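Everything on this sheet refers to the single structure shown next.
The values are calculated or read from the model by the stated rules, or taken from the named source; none is laboratory data. This structure is a prediction, so every number in the text was calculated from the model and none was measured. As a convention, Cβ positions derive from the backbone with ideal geometry for all residues, glycine included, and neighbour counts pool all protein chains shown. Ligands, DNA and RNA are stripped out before the accessible areas are found, and what is left, the full protein with its side chains, is counted by its heavy atoms. Shrake-Rupley method; radii C 1.70, N 1.55, O 1.52, S 1.80 Å.
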Amino acid sequence: MIVLGIETSCDDTSLALYDRERGILANVTASQLIHEAYGGVVPEIASRQHMRALLPVYDALLAKAGLTGADISGIGVSNGPGLVGSLLVGVGFAKSLAMGLGKPVVGVHHIEAHVISNELAGEPLHCPAVVLIVSGGHTALYRVERVGRYDLIGQTRDDAAGEAFDKIAKLLGLGFPGGPVVQRVAEKGNASAIPFPRAMLDRGGFDFSFSGLKTAVRQHVDACATLTESQIADIAASAQAAIVDVLVERTVTCARAHSVAHVYMAGGVAANGPLRQAMQAACEKAGISYHAPLLQYCTDNGAMVARTAEHLLTAGRNDGLALDVFTRGPIKSWS
Ligand code: KG4
Ligand code: ZN
């Protein structure tokens, strides 16, 4: 069984082929660098770029895998949450292809796909588990009973962790997307130079808040007459440490409260080196197994969509031409 996965929920056009026996056969991504000039993703431009990129990416994917459309047994496409225009392009393409090839098509919840991206490391998800989702649009903790059964435990009340990285990078004049560049600049900085707030750590529950950190960074930057390279490095390192501390403390406390033996991370921010190291160390200390996706499957990719679609198709789902998009909402259980 070979499944095509299509991801166009934000600014990456990414397609992949997943084979039940052999795993990922190919994954091809066209990233939209054009948004850098605007300091963030411009929705209208994003959908137009997806329209331009989809067919060439599809052709390149089949060529890379040495296959033709006739080899595809089913199609999965991210149908939400995300930018409505971007999602519509991907879903329209998926439905046309399904109709042309006479194959089933399923809508994949983008956040569920991030959770399942962990399976691309080679092992099935060990459940029950607590999963920390940290992406550009989402920060949430889920309890996963099994693939297909999800309970939302906590989420951000304002900015997502990735959004915090992006906004801090913008304040420091570091470019977009902010996460990777903040991580790089922070390597030369002192993480305890500035005591930025660790929001919500003092309160119960499992929600997050990152808007206070963003404000604290802005106030700190405004108070500096000029910013030297070493000051920028210290701010980046201190802000990153504040984000990492909160994510790690909340996740491990949540895993303990839910008596699970496994912690997973997922989403673009899960690529962050200091977060991976700190989460692993805290989990080891707490006697919990730590897991994170392979680095190339942290940010948006077609592979995680194809892998998730295989689960859905195997469960007998086919959304057909009625498949629609949605812009927000937690992962829905289906098993
Ligand atoms: O999962 P993703 O590709 O897209 C969404 O579904 O939102 O996540 C993108 C986010 C961006 O905010 C980006 O700055 C962040 O992930 N990110 C990182 C790193 N790499 C990507 N944040 C921190 N450290 C990184 N190394
Ligand atoms: Zn994502």
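Hey, can you find the accessible area per residue of the chain for me, probe 1.4 Å, expressed in square angstrom? It would help to have the intermediate numbers written out before the result.
Details: 13960 Å² over 335 residues.
With all protein chains present, the chain gives 42 Å² per residue.
Compared with the direct C-alpha span, the chain from Gln277 to Val84 gains 66.0 nm at full extension, assuming 0.36 nm per residue.
Modelled spin labels at Ser73 and Ser333, positioned 7 Å past Cα toward Cβ, are 2.8 nm from each other.
Within segment 127-293, count lysine pairs with alpha carbon atoms under 24 angstrom apart where the residues are 8 or more positions apart or belong to different chains. So the count of such lysine pairs works out to 5.
With only Lys, Arg, Asp and Glu charged, each at its Cβ (+1 for the first two, -1 for the last two), find how big the charge dipole of the chain is about the Cα centre; round to the nearest 20 debye. Walk me through the numbers on the way to the answer.
On the way: 27 positive and 31 negative charges, 67 e Å.
Dipole magnitude for the chain comes out near 320 debye.
Solvent-accessible surface of protein heavy atoms, probed at 1.4 angstrom with all chains present, puts Leu294, Leu4 in the order Leu294, Leu4, largest first. Kindly state, to the nearest 0.05, the FRET efficiency for Arg184 paired with Asp222, given R0 = 22 Å and r defined as their beta-carbon distance. That pair, Arg184 with Asp222, gives E of 0.40.
Helical runs assigned H by DSSP (4 residues or longer) give the chain a calculated mean residue ellipticity at 222 nm of -13500 deg cm²/dmol, each run adding -39500 (n - 2.57) before division by the residue total. In order along segment 43-57, the Karplus-derived 3J(HN,Hα) couplings, from 6.51 cos²θ - 1.76 cosθ + 1.60 at θ = phi - 60°, round to x, 4, 5, 4, 5, 5, 5, 4, 4, 5, 7, 4, 5, x, 5 Hz, and Gly and Pro are given as x.
Here's the picture: a label point sits 7 Å out from the Cα of Ala257 along the beta-carbon direction, and within segment 108-141 the residues with their amide nitrogen under 16 Å of it are 129-133, 140-141. In this structure, Ala286 and Arg52 have a Cβ-Cβ separation that, at R0 = 30 Å, corresponds to a calculated FRET efficiency of about 0.05.
In what sequence, largest accessible area first, do Thr226, Thr68, Thr308 appear using a 1.4 Å probe?
Working: Thr226 100, Thr68 80, Thr308 0 Å².
From most accessible down to least: Thr226, Thr68, Thr308.
Within the chain, all pairs of alpha-carbon atoms sorted by distance into 10 Å bins from zero give the percentages 6, 27, 32, 23, 10, 2, 0. Label sites at Cys127 and Leu33, each approximated as a point 7 angstrom past Cα along Cα to Cβ, lie 4.1 nm apart. With the simple spin-label model, which puts each label point 7 Å out from Cα in the Cβ direction, the Arg149 to Ser211 separation comes to 3.6 nm.
Solvent exposure of Met99, expressed as accessible area, is near 130 Å², computed with a probe of 1.4 Å over the protein chains only. The portion of the accessible surface of segment 35-164 made up by carbon and sulfur, rounded to a whole percent, is 54 (1.4 Å probe; DNA, RNA and ligands excluded).
Given 0.36 nm per residue, what is the gain on full extension from Arg157 to Glu229 after removing their alpha carbon distance, in nm?
Details: separation 72, 0.36 × 72 = 25.92 nm, distance 3.24 nm.
22.7 nm is the gain from fully extending Arg157 to Glu229.
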